[in-house]
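The values are calculated or read from the model by the stated rules, or taken from the named source; none is laboratory data. This is a predicted model, so every value here is computed, not measured. Cβ coordinates were reconstructed from backbone atoms using ideal geometry, including for glycine residues, and neighbour counts include every protein chain displayed.
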Amino acid sequence: MQHKTLEQMQAVAEAKPNIARPVMSRTERLERWAALLEREPGRLLATLPGTEYQPVGTRETMRSAGSPITVAFEDVVFRAEGMKDDTYGEAKNFFDITDRQMHEIVCYCHYGATVSAATAARHVREAIGGGPGMFARLRGSFV
């Protein structure tokens with residue numbers, strides 16, 4: 001093995017620390033979020049109260065420590081992709097999902113104070129293809 005100084009290495013090699021890598025697609029981001037949640041399916045995660053009733057500005061800044069959004073934000077890959085924080089608005093924009101889809105994943109009115117990671121993951125996966133909404137699931141259970 002040869003030992004070289006930094007100056008010697010710089011003369012031989014061109015260092016490119018900011019190598020651009022492909023940006024994840026919407027589907028890849030949602031798949032990864034679901035997979036992160038599925039790592040601990042029984043984990044209870046905090047919900048956000050009344051997301052559908054909050055004014056847009058308030059809703060966008062809502063957060064709850066230990067929520068399904070927090071699980072995503074704790075991921076180094078998502079932070080490298082540009083996820084800035086674990087607020088409702090940031091998750092909605094980062095994952096390119098609707099308020100209705102966010103509501104299904106994190107709202108208190110569906111689950112109470114906590115939601116299992118497995119349930120949140122299921123709703124994240126439903127958001128990939130638009131998935132069936134609550135009324136479609138209810139209709140399906142009666143038909």
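Do we have residue 14 as loosely packed, with under 13 Cβ neighbours inside 10 Å, in a helix (DSSP H, G or I), modelled with pLDDT under 95 and of a type in the set (D, E, K, R) here? No, not satisfied.
The set of residues in segment 106-125 that are within 13 Å of the chain's Cα centre (by Cα) and either under 12 Å from residue 46 (Cα atoms) or buried (at least 19 other Cβ atoms within 10 Å of the Cβ) (or both) comprises 106, 117, 120, 121, 123, 124. Consider segment 105-143 and keep the residues that are at pLDDT below 95 and in contact with a Gly (Cβ under 9 Å, 6 or more places away or on another chain). The one that is nearest to residue 59 (Cα to Cα) is 107. Among all positions in segment 77-94, there is at least one residue which is among the β-branched types (Val, Ile, Thr), at pLDDT 95 or above, closer than 23 Å to residue 23 by Cα and surrounded by fewer than 18 Cβ atoms within 10 Å (Cβ to Cβ).
If you go through segment 49-72 one residue at a time, do you hit one that is under 21 Å from residue 24 (Cα atoms) and either out of contact with any Ser or Thr (no Cβ under 9 Å at 6 or more places or on another chain) or at pLDDT below 95 (or both)?
Yes, segment 49-72 has at least one match.
For segment 81-108, the tally of residues that are in a helix (DSSP H, G or I), in contact (Cβ under 8 Å) with a residue 60 or more places away in the chain and either among the hydroxyl-bearing types (Ser, Thr, Tyr) or within 21 Å of residue 53 (Cβ to Cβ) (or both) stands at 1.
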